[in-house]
Amino acid sequence: MELKDIKAVYFVGIGGIGMSAIARYFLQKGYAVGGYDKVASDLTERLEAEGAWIHYVEDVAAIPDVFKDKTNCLVVYTPAIPEEHKELVYFRQTGFEIEKRAQVLGTLTRSHKGLCVAGTHGKTTTSSMAAHILHQSHVDCNAFLGGITKNYGTNYILSSQSDYVVIEADEFDRSFHWLTPYASVITATDADHLDIYGTKEAYLESFSKYSSLIRPDGYLIWHEGLEMQPRVQDGVTVYTYSRDKGDFRAENVRIGNGEIRFDLISPLGNIPNIQLGVPVSINIENGIAAMALAQIAGATEDEIRTAMASFSGVDRRFDFKLRTENRAFLTDYAHHPEEIRQSVISIRELYQDKKIMAIFQPHLYTRTRDFYQDFAKSLSLLDEVVLVDIYPARELPIPGVTSKLIYDNLDPGVEKQLCHKEDILKVVEQSDADVIIVLGAGDIESYAAQITEILKKKC
């Protein structure tokens with residue numbers, strides 16, 4: 001269903017952070033918005049205050065008539081809702097058009113100019129940077145992101161006037177194949193999610209397929225040296241980027257005194273003296289890609305320079321919790337070997353003469369099984385590694401697959417230990433490391449506040 005045909009939108013599972021952002025978009029655009037969720041929350045209460053109709057009991061009879069016309073009501077659901085949910089069953093049996101969140105984002109890219117960021121890693125920071133630049137510029141944008149931006153305290157940005165929508169394009173279950181981008185960045189294609197794709201070749205093919213979905217009048221900006229083969233339509237302009245090679249690149253990089261500055265070299269106009277708001281070296285590449293999208297959308301040189309300096313980052317992406325002259329603590333969502341390698345290289349650049357310790361919680365048994373040697377290679381760039389039990393997420397244990405696989409493959413000379421999650425605080429108290437970084441996509445982030453307090457006492 002296209003936006004022009006929609007008058008009402010009903011969300012089955014309206015209270016999730018991703019679903020509520022889309023609900024708020026439709027509210028702002030003047031559509032009738034309603035939905036179900038199991039419990040009330042701050043998010044649902046805010047939606048109700050803004051005009052959404054929400055209830056908390058499965059009851060088809062209670063659904064207002066405005067949401068019962070299948071010719072103009074779109075139904076959106078989250079997979080967290082069970083298939084036997086009474087309202088979902090009703091909508092299916094009566095012939096409503098029912099879409100997942102990814103499909104709705106696809107609809108928005110057909111109705112607006114979608115600026116999408118795909119890739120194994122870097123996409124959350126890059127898309128958040130691009131959204132920040134555009135929101136601070138005369139262009140403005142809508143944005144649906146994969147993390148909470150520190151500038152705005154949310155994962156979305158809404159605009160009543162802009163025709164641009166920034167979207168983090170998720171490859172996990174091929175969700176990005178629903179999108180029709182106007183312009184897309186592809187940051188990386190290091191094999192991941194092999195439990196879904198089966199083979200590296202299938203994973204790469206999914207990105208090639210994704211590139212073919214870019215509009216004929218659109219743009220592809222892909223990282224130099226990727227293994228994938230772009231398969232764009234006639235009329236698509238193709239650019240490359242990286243830190244020091246490609247159509248978009250950095251020159252005159254200056255790192256020192258807690259700052260990173262560089263000059264952007266761009267086919268759309270060079271921009272000198274860019275300052276990174278979050279001064280870690282991996283953000284040079286992330287920033288180059290974000291600025292490429294912003295230039296395509298029409299942001300000016302001064303707007304881009306100002307916004308790059310004011311970007312505050314994303315929760316759990318190189319997220320400094322403590323930073324003093326002699327001690328630092330940060331968390332990073334990195335959970336793939338290449339992400340970890342880049343994070344470690346970035347932190348090494350900032351703290352060349354300091355002892356650096358990582359506390360790493362592997363994410364998924366399958367990912368650990370497939371990449372334990374690569375994890376060990378990346379983590380061996382550190383002085384000390386603490387390995388926590390695997391975070392299972394959606395998986396059941398696999399016999400023989402534990403954090404010890406990584407532990408046993410760390411380079412000689414790396415200080416190392418295995419520990420249970422509950423013992424992290426004791427490890428931190430006993431550590432003599434100058435810099436501590438918590439790595440992974442699991443739940444050890446919950447210890448960040450306590451770790452910060454322990455380290456403050458050591459300063």
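All of the numbers you see were taken from the coordinates with simple rules; none came from a lab. Just so you know, these numbers come straight off a predicted model, no measurement behind them. Here the Cβ is made from the backbone with ideal geometry for all residues, glycine too, and neighbour counts use every protein chain on show.
Remarks
- The loop-placed trypsin sites (Lys or Arg not before Pro) in segment 6-94, going by DSSP, that have at most 16 neighbouring Cβ atoms within 10 Å of their Cβ come out as K7, K29, K38, K68, K70.
- Spin-label model, Q161 to V60: label points 7 Å out along the Cα-to-beta-carbon direction sit 4.6 nm apart.
- Burial ordering of I54, I98, fewest other beta-carbon atoms within 10 Å first: I98, I54
- Mean separation of Cα contacts under 8 Å (6+ apart) over length of the chain, as relative contact order %: 11 percent
- Likely footprinting exposure, R327, R317, R101, fewest C-beta neighbours within 10 Å first: R327, R101, R317
- Centroid-to-centroid separation of segment 290-305 and segment 41-101 [C-alpha atoms, Å]: 39 Å
- Taking only the C-alpha atoms of segment 1-81, the Rg (one decimal) and the largest Cα-Cα distance, Dmax (whole number), read 11.5, 32 Å.
- In a fully extended conformation the segment linking E83 and R394 would gain 110.2 nm over its present Cα-Cα distance, using 0.36 nm per residue.
- Column: log10 I(q)/I(0), Debye, Cα scatterers of the chain, q = 0.06, 0.08, 0.10 Å⁻¹: -0.28, -0.50, -0.78
- Going from the fewest other Cβ atoms within 10 Å to the most, the residues C459, C73 appear in the order C459, C73.
- Scattering curve values for segment 319-458, log₁₀ I(q)/I(0), Debye with Cα scatterers, q = 0.19 Å⁻¹: -1.09
- Summarised as an ellipsoid, segment 315-356 has semi-axes of 18, 13, 6 Å, derived from the eigenvalues of the Cα gyration tensor scaled by 5 and square-rooted, with the largest first.
- Spatially proximal aspartates and glutamates relative to K355 (Cα-Cα < 14 Å; intrachain offsets below 8 disregarded): E325, D383, E384, E415, D432, D434
- Label-point gap, in nm, between T324 and R174 - each point 7 angstrom along Cα→Cβ: 5.3 nm
- Alpha carbon centroid spacing (whole Å) that separates segment 11-30 from segment 217-254: 34 Å
- Annotation: lysines with alpha-carbon distance below 30 angstrom to K100 (same-chain offsets under eight excluded): K4, K7, K29, K38, K68, K70, K86, K113, K123, K150, K200, K209.
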